Every structure is written in structure tokens, then in C-alpha cells.
1. If the requirement is being surrounded by fewer than 16 Cβ atoms within 10 Å (Cβ to Cβ) and either at pLDDT 95 or above or not in a loop (DSSP other than H, G, I, E, B) (or both), which of these qualifies: 110, 137, 82?
2. Against the condition surrounded by 18 or more Cβ atoms within 10 Å (Cβ to Cβ), closer than 25 Å to residue 167 by Cβ, in contact with a helix residue (DSSP H, G or I) (Cβ under 7 Å, 6 or more places away or on another chain) and modelled with pLDDT of 90 or more, how does residue 93 come out, does it pass?
3. Scanning for something over 27 Å from residue 64 (Cβ atoms), touching a helix residue (DSSP H, G or I) at 6+ places or on another chain (Cβ under 7 Å) and surrounded by 15 or more Cβ atoms within 10 Å (Cβ to Cβ), does the range 186-199 turn up at least one residue?
4. Residues of the range 85-107 being in a loop (DSSP other than H, G, I, E, B), at negative phi and in contact (Cβ under 8 Å) with a residue 40 or more places away in the chain, which ones?
5. Do we find that residue 7 is part of a helix (DSSP H, G or I) and either surrounded by 11 or more Cβ atoms within 10 Å (Cβ to Cβ) or at pLDDT 80 or above (or both) in this structure?
């Protein structure tokens, strides 16, 4: 009887410690995402800012699972939206909000949430066989989903705006080389360059 009670109490303490560590880790990743997103608001290639907050989303999703990826992706999207409402992105989001507020909110939130979820899912599926490969693939999937859904959302909600920004150029050419191409390439390069470091952080984080 006493042995069973001790085992139950030990299990509860272990679960409580695990929850505390998870909450602490997510709080840390949340802070990193907020800071990186705000800083990157002022770094632009084209009308939109570069995104460097995807790396902590990938790490958090890998360490704590897909639900954590959803949460961190939501935080990222929310910060993008809020900084846009402050006009820190040069007023681009404010301009889009004036045309279609719902579309702007959906683009900001959905792309981040989906990127976090799918990065976590991909890592979970591949890490069983090769943890390093899982980080590399998650590092590719995250910016692809983030940028891809951004483009899809802009095409759905702001096609006329995009056409006006293109200034008569082919829309596909403008999207690749003027709107998102350089940003996406830099985001992808950063994630791949950091992949070994990310893998190390995840490995030690899971052991802690």
C-alpha cells in the first residue's frame, strides 16, 4: 500500500516537474519570438519584413509537440498583426486592414499556426528514424508553409492590391522576385544554416 502511494506521489511530482519545464520552455520561446518579430519588423526586402522567428517555432514544436507548434505559430502571427497595427511595418498591414480586416487577420494567424503545426508534425514523423534530417525537413517546411499560405491568402483576399503593386508586371514574377522571393530565400537559408544548432538544442532540451 505504502509502496503504491509512494509510486503515485513520485509520478505526480514527475508530471508536475515536466509541466513546469514545458511552461518555462514555452514562455522562453514566446519571448524570443516576440523580440525577433519586433526587430525584424524594421528589416525589409520589398513591402514585407523578413521573418527570423521561425527557428524558435521549429525548436519549440520539436521539443514539445505539434500543439506547442500551433501555440508558438499563433504567437508569431499575433505579434505580426499587432506590430502592423502600430504601423511598424510601414503601414502595410494597416492598409490591408482598411480593405479587408478579416482577410488580414486570417492571413497573419493561419499561416503561423499552420507552419508551427506542420513543422512539429514533420519532425515527429521523421525524428523516429533520423533526428538531424527531421530538423532539416522541418526547417524547410516551416518557411514554405508560412510563405505559401501568405501568397494564397493575398491572392484570395487582395488580388487587386497585388495587381496594383505589380505595376503591370506579370503577377507570378512580382510575387517571386518582388513580394516574397528574397524574404523566403533568406528565411530558408537561415533555417538551414542553423539546422545543426537547432538539432543540438532540441537534443539537450529533450534530455533536460
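1. Details: 110 fails: surrounded by fewer than 16 Cβ atoms within 10 Å (Cβ to Cβ); 137 fails: surrounded by fewer than 16 Cβ atoms within 10 Å (Cβ to Cβ).
Result: 82 is the single residue among 110, 137, 82 that is surrounded by fewer than 16 Cβ atoms within 10 Å (Cβ to Cβ) and either at pLDDT 95 or above or not in a loop (DSSP other than H, G, I, E, B) (or both).
2. Spelling it out, residue 93 is indeed surrounded by 18 or more Cβ atoms within 10 Å (Cβ to Cβ), closer than 25 Å to residue 167 by Cβ, in contact with a helix residue (DSSP H, G or I) (Cβ under 7 Å, 6 or more places away or on another chain) and modelled with pLDDT of 90 or more.
3. Quick first cut of the range 186-199, residues over 27 Å from residue 64 (Cβ atoms) only: none.
The answer is no, given that none of the residues of the range 186-199 is over 27 Å from residue 64 (Cβ atoms), touching a helix residue (DSSP H, G or I) at 6+ places or on another chain (Cβ under 7 Å) and surrounded by 15 or more Cβ atoms within 10 Å (Cβ to Cβ).
4. Of the range 85-107, the ones in a loop (DSSP other than H, G, I, E, B) are 86-91, 100.
Filter once more, keeping what is at negative phi: 86, 88-89, 100.
Matches in the range 85-107: 88, 89, 100.
5. Working: part of a helix (DSSP H, G or I): yes; either surrounded by 11 or more Cβ atoms within 10 Å (Cβ to Cβ) or at pLDDT 80 or above (or both): no.
No.
The values are calculated or read from the model by the stated rules, or taken from the named source; none is laboratory data. The shown structure was predicted, so the numbers you read here are calculated from the model rather than taken from an experiment. Here the Cβ is made from the backbone with ideal geometry for all residues, glycine too, and neighbour counts use every protein chain on show.
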